[in-house]
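Written below as structure tokens is the structure these notes are about.
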Amino acid sequence: MTNSQGGPADNGKSQGLPARSAGTYGWRGTKWLVVIAWVIFAVAISPFAERLSGLEQNDPSAWLPQDAESLRVHQVEEQFPGGDSLPAVVVYHRPGGLTPVDLEQIDTDLLYLDQAFPSIIIGSAVYSEDGETAFYVVPLSYDENLILDHVADIRDHVSRDEGLIVKVTGPAGGLADAASVFDGIDSTLLMASALVVTVLLLFIYRSPFLWLIPLLVVGFAHQTASGAIYGIATQFGVTLNGQNLGILPVLVFGVGTDYALLLIARYREELRRYEDKHDAMTCALRQAGPAIIASAGTTILGLMCLLAADLTSTRGLGPIGAIGIFSAFLAMLTLLPAVLLIFGRRLFWPFVPLYGTASGETSGVWSRIGNVISNRPRPVWVGTLVVLAVFALGVTGLNTHLPEEDSFRQEPESVAGQKLIASSFPAGAGRPATVMADVNSAERVETAIMETPGVAGVERVGQHGGFVAYSVTLDARPGSQGAFDTIDRLRDGLHSIAGANALVGGPDATEMDVARANARDRMVVIPLALAVVLVILTLLLRAAVAPLIMTITTVLSFAAALGVSVVVFEHVFNFAGVDDSILLLSFVFLVTLGVDYNIFLMSRVREESALLGTRDGTLKGLAVTGGVITSAGLVLAATFAVVGVLPLVAMNQLGFIVAFGILLETLVVRSVLLPALNFELDDRVWWPSRRRRSEGATSTQAMLKSP
């Protein structure tokens, strides 16, 4: 048999492999054992996977660092009788003034709630001076599931006569609205991710059968990850919330499909060179395996850097994401090859890779792109850097404060209710700060609170265990910088009172402590993640220059993606700001996932450079990996884009930044910038090691350049 160049077909012996490999997949029975083992394991772990959502903790106090002042206030408050309550605030508003019928209805609702919640004391209604608004507080016993039911019950039963606006807000109302967003988020994103991956695989493979195999295998990986995370969470106390569990299927489906695309592409390539499918798979695993291992290792270790975070929710994402990536990696290097071997070449129908035929990658569009870049590499890489730098200028307009009332795509009832209160009362009414202090310093503390600029009112609300508690109403809008400034002034003033042991907490203080923990985590985790990426790339490529270039270009790609995103968020989506909690996550995702495509390219370039030299090795590497890496980037970008289906601004922003950044990394950095720098530096890119051409370089290079 002859190949497409007219010479003898390569039967694999030139690679030093025997007619039948002695590797693991050379044993015909191994593939069946692997599939059976995976099925048994998936069945065994399924009961634990199904319980995972029951471990969610969406209360912000469960995410805070242990030394956060707002968390300490919460812990002290829980010791008070009824201190474990979370207030719901029922607001009534009629433009022009509440009518006598409205006032009578408010009394009727209060009577109903007294009977519905006999174990709690509901205060009387407070009326605004303009007569348009009234509200009262229902201190619900804190239990996340019960609170959601109680808020729903209150919303169902309070009166809503024509023209009378009634809203249930306060911390309990806000928790209920947030929970409604995260309720079923993992299943929603799981189905959306599966649908997106299915459509893209059908487009990429154009086969009625092949698309199903990666989807099936990644489903096994997700089930395995869910069961393993349940075990880790129950045994080691890892914090789970709706956001982290929602990101899990996006990671597993996106990254798992990427690994599948890379391995299947290499397997298809080797099927043209090896008559026996087991030999083809053995060679594919040997050649693609190191890049997949390095990719998974980079992502896993990068995510584990999140363990250095102070914020509990961010720290929890580290092991959750790492387990998801490892499950995808394990499934794609064991279960996927086994299933592919069981079905053999016919799985690729109608584009079956026949033994001895040419693949055509070296004469396709990516080969032509490589030749264009190689002719003038310096203008290409300089021009590309300039474009990315211009994109990054958008970061100068970054506003990392997103008020809570603007954090939903559609205004929830709790936000609308808070706005009604602010229209007739001090803006912070209905969401007061909480101050705890030593009871012996009560008078001095109360005086200091009232003298603090930004405080509209203070009320002593009880004492217990040597502490006295105050409810402090702020002038500033909840979640605003003005509210944060007042919290800072309160803390500064009260901490200076000797012996008072005063602590300031409440919703605004909690939100501020979260923001500051995020800022600290960025300063710690980002350099750590970059160091991990650089070390792994250095070990993989056994060079210093190439890993440094790959890391720097990936960081520039992130800056460009963030810059463009800031402009789009402000001028297209009209977001009030960027949620600062997603900056660290988007960086870690983009750097650890985006560098994967550089790994896939450069590991192949390194392999080819040993035969062809750096210049032609880059041309060959880009030609044969261009299509599959572009497909992988599109899949991962699309899976993150599905986060946009959620009505939460932070998740929309995370999905957009990562999806756009992945596209930049795939279509610009990997396809243009990195090859141009390779052509510019030539063999110096591998310094201090050297890539020497083998004796077969001349003939292979001639084959590469032949039409």
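For region 146-154, indicate whether the set of residues that are modelled with pLDDT under 85, buried (at least 21 other Cβ atoms within 10 Å of the Cβ), of a type outside the set (S, T, N, Q) and under 19 Å from Thr314 (Cα atoms) is non-empty. No, there is no match, as no residue in region 146-154 is modelled with pLDDT under 85, buried (at least 21 other Cβ atoms within 10 Å of the Cβ), of a type outside the set (S, T, N, Q) and under 19 Å from Thr314 (Cα atoms). The one condition from (1) open to solvent by 50 Å² or more (accessible area, probe 1.4 Å); (2) closer than 21 Å to Ala515 by Cα that Glu411 does not meet is (2). When region 75-116 is filtered for residues that are assigned to a helix (DSSP H, G or I) and in contact with a Gly (Cβ under 6 Å, 6 or more places away or on another chain), only Glu77 remains. In summary, Gly397 fulfils each of the numbered conditions (1) in contact with an Asp or Glu (Cβ under 9 Å, 6 or more places away or on another chain); (2) buried (at least 16 other Cβ atoms within 10 Å of the Cβ); (3) closer than 30 Å to Val555 by Cβ with the single exception of condition (2). Candidates Ala433, Ala429, Ala437: the one that is under 34 Å from the mean Cα position of the chain (by Cα) and small (Gly, Ala, Ser) is Ala433. Just a yes or no: is a residue in region 74-92 of a type outside the set (Lys, Arg), farther than 30 Å from Val514 by Cα and open to solvent by less than 50 Å² (accessible area, probe 1.4 Å)? Checked against the condition, which is being of a type outside the set (Lys, Arg), farther than 30 Å from Val514 by Cα and open to solvent by less than 50 Å² (accessible area, probe 1.4 Å), region 74-92 yields at least one hit.
Entry remark, region 74-108: residues being at pLDDT 90 or above and within 46 Å of the chain's Cα centre (by Cα) number 8 in total.
Selection over region 224-237 of residues that are out of contact with any Leu (no Cβ under 7 Å at 6 or more places or on another chain), open to solvent by less than 30 Å² (accessible area, probe 1.4 Å) and of a type outside the set (Gly, Ala, Ser) gives a count of 1. Checked against the criterion of being within 21 Å of the chain's Cα centre (by Cα) and open to solvent by 40 Å² or more (accessible area, probe 1.4 Å), the candidates Leu245, Leu190 yield just one match: Leu190. Among the residues of region 219-236, none is identified as at pLDDT below 85 and under 27 Å from Phe348 (Cβ atoms).
Step by step: first the residues of region 496-513, then only those that are open to solvent by 30 Å² or more (accessible area, probe 1.4 Å) and in a helix (DSSP H, G or I), then the one that is farthest from Ser480 (Cα to Cα). Which residue is that? In this case the residue turns out to be Pro507. For the condition open to solvent by less than 30 Å² (accessible area, probe 1.4 Å), out of contact with any helix residue (DSSP H, G or I) (no Cβ under 9 Å at 6 or more places or on another chain) and within 30 Å of Ala260 (Cα to Cα), Gly318 does not qualify. Inspection of region 529-541 identifies no residue that is open to solvent by 50 Å² or more (accessible area, probe 1.4 Å), free of Cβ contacts under 8 Å to residues at least 40 places away in the same chain and not in a helix (DSSP H, G or I). Checking Thr257, Thr239, Thr299 one by one, the residue that is touching a helix residue (DSSP H, G or I) at 6+ places or on another chain (Cβ under 7 Å), modelled with pLDDT of 90 or more and of a type in the set (Ser, Thr, Tyr) is Thr299 and no other. The set of residues in region 181-234 that are free of Cβ contacts under 8 Å to residues at least 12 places away in the same chain and β-branched (Val, Ile, Thr) contains only Val199. Which of the residues spanning region 421-431 are crowded, with 23+ Cβ neighbours inside 10 Å and under 16 Å from Val166 (Cβ atoms)? Once the filter is applied, which keeps residues that are crowded, with 23+ Cβ neighbours inside 10 Å and under 16 Å from Val166 (Cβ atoms), region 421-431 yields Ile421, Gly430. Against the test of being open to solvent by less than 10 Å² (accessible area, probe 1.4 Å), in a strand (DSSP E or B) and touching a residue at least 40 places away in the same chain (Cβ under 8 Å), the options Val472, Val468 yield a single qualifying residue, Val472. Applying the criterion of being open to solvent by 20 Å² or more (accessible area, probe 1.4 Å) and not in a helix (DSSP H, G or I) to the residues of region 435-451, the residue that is farthest from Asp492 (Cα to Cα) is Asp438. Out of region 432-472, which residues are among the small types (Gly, Ala, Ser) and over 19 Å from Leu86 (Cα atoms)? Once the filter is applied, which keeps residues that are among the small types (Gly, Ala, Ser) and over 19 Å from Leu86 (Cα atoms), region 432-472 yields Ala437, Ser441, Ala442, Ala448, Gly454, Ala456, Gly457, Gly465, Gly466. The set of residues in region 181-219 that are assigned to a helix (DSSP H, G or I) and in contact with a Phe, Trp or Tyr (Cβ under 6 Å, 6 or more places away or on another chain) comprises Ser193, Val197, Leu201, Leu202, Tyr205, Val218. Taking the criterion of being free of Cβ contacts under 8 Å to residues at least 24 places away in the same chain, open to solvent by 70 Å² or more (accessible area, probe 1.4 Å) and within 26 Å of Leu271 (Cα to Cα), the only residue of region 352-394 that qualifies is Arg368. Taking the criterion of being outside any strand (DSSP E or B) and crowded, with 16+ Cβ neighbours inside 10 Å, the residues of region 452-465 that qualify are Thr452, Gly454.
The rows are residues; the columns are (1) aliphatic (A, V, I, L, M); (2) in contact with a strand residue (DSSP E or B) (Cβ under 7 Å, 6 or more places away or on another chain).
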{"residue": "Arg378", "(1), (2)": "no, no"}
{"residue": "Thr384", "(1), (2)": "no, no"}
{"residue": "Ala392", "(1), (2)": "yes, no"}
{"residue": "Leu402", "(1), (2)": "yes, no"}
{"residue": "Gln418", "(1), (2)": "no, yes"}
{"residue": "Ser424", "(1), (2)": "no, yes"}
{"residue": "Glu446", "(1), (2)": "no, yes"}
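Residue by residue, here is whether (1) surrounded by fewer than 24 Cβ atoms within 10 Å (Cβ to Cβ); (2) in contact with a Lys or Arg (Cβ under 8 Å, 6 or more places away or on another chain) holds:
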{"residue": "Phe569", "(1), (2)": "no, no"}
{"residue": "Val572", "(1), (2)": "yes, no"}
{"residue": "Gly577", "(1), (2)": "yes, no"}
{"residue": "Ile582", "(1), (2)": "no, no"}
{"residue": "Leu611", "(1), (2)": "yes, yes"}
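The selection criterion, being surrounded by fewer than 22 Cβ atoms within 10 Å (Cβ to Cβ) and either of a type in the set (Gly, Ala, Ser) or out of contact with any strand residue (DSSP E or B) (no Cβ under 8 Å at 6 or more places or on another chain) (or both), does not hold for Ala483.
The values are calculated or read from the model by the stated rules, or taken from the named source; none is laboratory data. Bear in mind the structure is a predicted one, so any value in this text is a computation, not a measurement. As a convention, Cβ positions derive from the backbone with ideal geometry for all residues, glycine included, and neighbour counts pool all protein chains shown. SASA here: full protein model, heavy atoms, side chains in, ligands and nucleic acids out. Shrake-Rupley method; radii C 1.70, N 1.55, O 1.52, S 1.80 Å.
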